[in-house]
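Engineer: Just dropping this structure here.
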Amino acid sequence: MTQRVELAIVMDRLAVDEVITEYAVAVDDGDWEAYRKLFAPDGRADYRSAGGIEGNAEQVAGWLAESLQLFSMRQHLIVNRRIRFGALDQHTDDTARVQADYVNPMRFAKDGESDEGDPSTAPDFVCGGRYAFGLLRTDDGWRLTEVVVEEKWRRLPERRPQAVVH
């Protein structure tokens, strides 16, 4: 492999990694326009394993915007990213696959409020699992063709015992 080819692979790895980071930031910040722009025109996402929907970027962005209103804070971390280009990790075409683990802590909005008041008293919800991303190099850079969420676990807020009144 020549240095020029090796440099191209490093640059592609960085560009693909940036798309994955921008994905996490868009979801956590509720920037649904940025979320949609990360996808290729025929890109799809599948959140069914986490109780969500499967559809194109427009449909899924709408569902996320509505369902994530329950949370005043979102901060999911995407780690252990394994990036593969083309067949057998040889840089032979303009596609990439990324498999990555995630941990997603979120804070419930208190009594239907967003970030108003003291959000530290609202309960937390945490889940984790694995993402499978498909990407395609386009004229606009790398874009998502597929996002599949495989939720493996979740921790719901503990129920506090109700006070007994005599």
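Engineer: If only one of Asp28, Asp42 is modelled with pLDDT of 95 or more and within 21 Å of Leu156 (Cα to Cα), which one is it? First the steps, then the outcome.
Structural biologist: On the way: Asp42 fails: within 21 Å of Leu156 (Cα to Cα).
Sole residue among the options that is modelled with pLDDT of 95 or more and within 21 Å of Leu156 (Cα to Cα): Asp28.
Engineer: Determine which single condition Val5 fails, assuming it passes every other condition in (1) touching a helix residue (DSSP H, G or I) at 6+ places or on another chain (Cβ under 7 Å); (2) open to solvent by less than 70 Å² (accessible area, probe 1.4 Å).
Structural biologist: Evaluating Val5 over (1) touching a helix residue (DSSP H, G or I) at 6+ places or on another chain (Cβ under 7 Å); (2) open to solvent by less than 70 Å² (accessible area, probe 1.4 Å) leaves (1) as the failure.
Engineer: Let me ask another. Can you name the residue in segment 74-113 that is of a type in the set (Lys, Arg) and within 25 Å of Glu158 (Cβ to Cβ) and is also modelled with the lowest pLDDT among such residues? It would help to see each step written out before you state the result.
Structural biologist: First pass over segment 74-113, keeping only residues of a type in the set (Lys, Arg): 74, 81-82, 84, 97, 107, 110.
Keeping just the survivors that are within 25 Å of Glu158 (Cβ to Cβ) gives 74, 107, 110.
Working: Arg74: 94, Arg107: 92, Lys110: 74.
Residue satisfying both the conditions and the ranking: Lys110.
Engineer: May I ask you to list the residues in segment 31-77 that are outside any loop (DSSP other than H, G, I, E, B), under 26 Å from Asp94 (Cβ atoms) and aliphatic (A, V, I, L, M)? Don't jump to the end; show me each part of the working.
Structural biologist: Kept after step one, since they are outside any loop (DSSP other than H, G, I, E, B), are these residues of segment 31-77: 32-37, 39-46, 48-50, 54-74, 77.
Now drop any that are not under 26 Å from Asp94 (Cβ atoms), which leaves 33-37, 39-46, 54-61.
Answer for segment 31-77, where residues must be outside any loop (DSSP other than H, G, I, E, B), under 26 Å from Asp94 (Cβ atoms) and aliphatic (A, V, I, L, M): Ala34, Ala40, Ala45, Ala57, Val60, Ala61.
Engineer: Could I ask something else about it? One residue is enough: does segment 59-73 have a residue meeting the conditions surrounded by 14 or more Cβ atoms within 10 Å (Cβ to Cβ), out of contact with any strand residue (DSSP E or B) (no Cβ under 7 Å at 6 or more places or on another chain) and of a type in the set (Phe, Trp, Tyr)?
Structural biologist: Yes, that holds for at least one residue.
The values are calculated or read from the model by the stated rules, or taken from the named source; none is laboratory data. Predicted model, so just to flag it, every value in this text is computed and none were measured. Because the Cβ atoms are built from the backbone with ideal geometry, glycine has one as well, and the counts that use them run over all protein chains shown. With ligands, DNA and RNA removed, areas are computed over all heavy atoms of the protein, side chains included. Shrake-Rupley method; radii C 1.70, N 1.55, O 1.52, S 1.80 Å.
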